[in-house]
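Structure first, commentary second.
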Amino acid sequence: MGPIKDPSGILSWDNTVDRKDIFVACSAAEIPGEIVRGSGTAIHVQLREILRKFVSTSLAPGAAFPSERDLAARFSLARMTVRQAIDSLVDEEVLDRIVGLGTFVTRPKFDLQVKLTSYSEEMERRGMVPAAQVLSFEQVAATALLARELQLDEGQPVIRFRRLLLADGEPMSVDENFIPAHRVPGILDEPPPSSLYNVLSERYGLVMEWGEDTIEATAASASIARLLNVDVGDPLLKLQRHAFVSRAMVDFSVSFYRADRYKLWVPLQRPGGRSRRAYSARR
């Protein structure tokens, strides 16, 4: 399963195989190391460190992990002891448990640092290759909701730009932007932009100066789940943004992020306190 290109060269996503259909765990017999009884270090701690080293040196993110039963047999330990070691690694986000499926190596979550930059810039900063599948690029009439959010009259023309955003070929979020059509005359005469904010800045002189975000937890609908390659009802982060140039509303957007690939990181500072430390990328 993965990204494919149709004859026109447009990137799309092959959903013919569900991401959870096939999981083949490595054998517990492959794990090197032995428990040293009477060493003064608790047995579950020894096992935890053996498993941690094996994960870091031999397994890829998302890989299936041996069962507690197999690990207990491999190290001649009670399953309760094995569970205690695995629980510690789950708490540390080294491993993930998925009910009904098993235990897996944790996939890194990207810190969703809220700022007015493009998706392409953010993924390139992380050393990943961004890509996008355009789902719609059209002019629509402002609904009552859009009119309220964009401070327009109902029925006024709005540009709708909806995309599935990917990183290293994997779907990460569904983004939908709404821009008052009078702000971007002729934008539909050109192909869909690869970076919306760059086009707004370079072609229309609309440099986003500030914004307001609302972030909440939500569950994946059938249509969003299909696009993001997750199950219906899986947790997502929903971000609604109002972006401004001076005091004018220019962009209203709604984004759905996979909660298994993102975590929200918000720097805080007490008024009058020291300046916050410099941000460093985390993966």
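Between L135 and C26, the FRET efficiency from the beta-carbon distance, with R0 = 35 Å, is close to 0.40. Measuring nothing but how far apart in sequence close Cα pairs (under 8 Å, 6+ apart) lie, relative to its length, the range 110-264 scores a relative contact order of 23 percent. Modelled label positions at D189 and T214, each set 7 Å beyond Cα in the direction of Cβ, lie 3.6 nm from each other. Per-peptide packing, taken as the mean over residues of other Cβ atoms within 10 Å, places 64-75, 152-163 in the sequence 64-75, 152-163 from highest down. Computed from phi, the 3J(HN,Hα) profile of the range 203-212 under the Karplus parametrisation 6.51, -1.76, 1.60 (θ = phi - 60°) reads 8, 10, x, 9, 9, 5, 9, 7, x, 10 Hz, with x in place of Gly and Pro.
In this Cβ point-charge picture (+1 for Lys and Arg, -1 for Asp and Glu), the range 28-105 has a dipole of about 240 debye about its Cα centre. Proximity of backbone amide H atoms, modeled 1.01 Å from N, is registered between R107 and G62 at under 5 Å, excluding neighbours fewer than 5 places apart on the same chain. Stretched out straight at 0.36 nm per residue, the stretch from H182 to R160 would grow longer than its current Cα-Cα span by 6.6 nm.
Coordinate-derived values only; no laboratory data. In this text the structure is predicted, and so the values were computed from the model without any measurement. Here the Cβ is made from the backbone with ideal geometry for all residues, glycine too, and neighbour counts use every protein chain on show.
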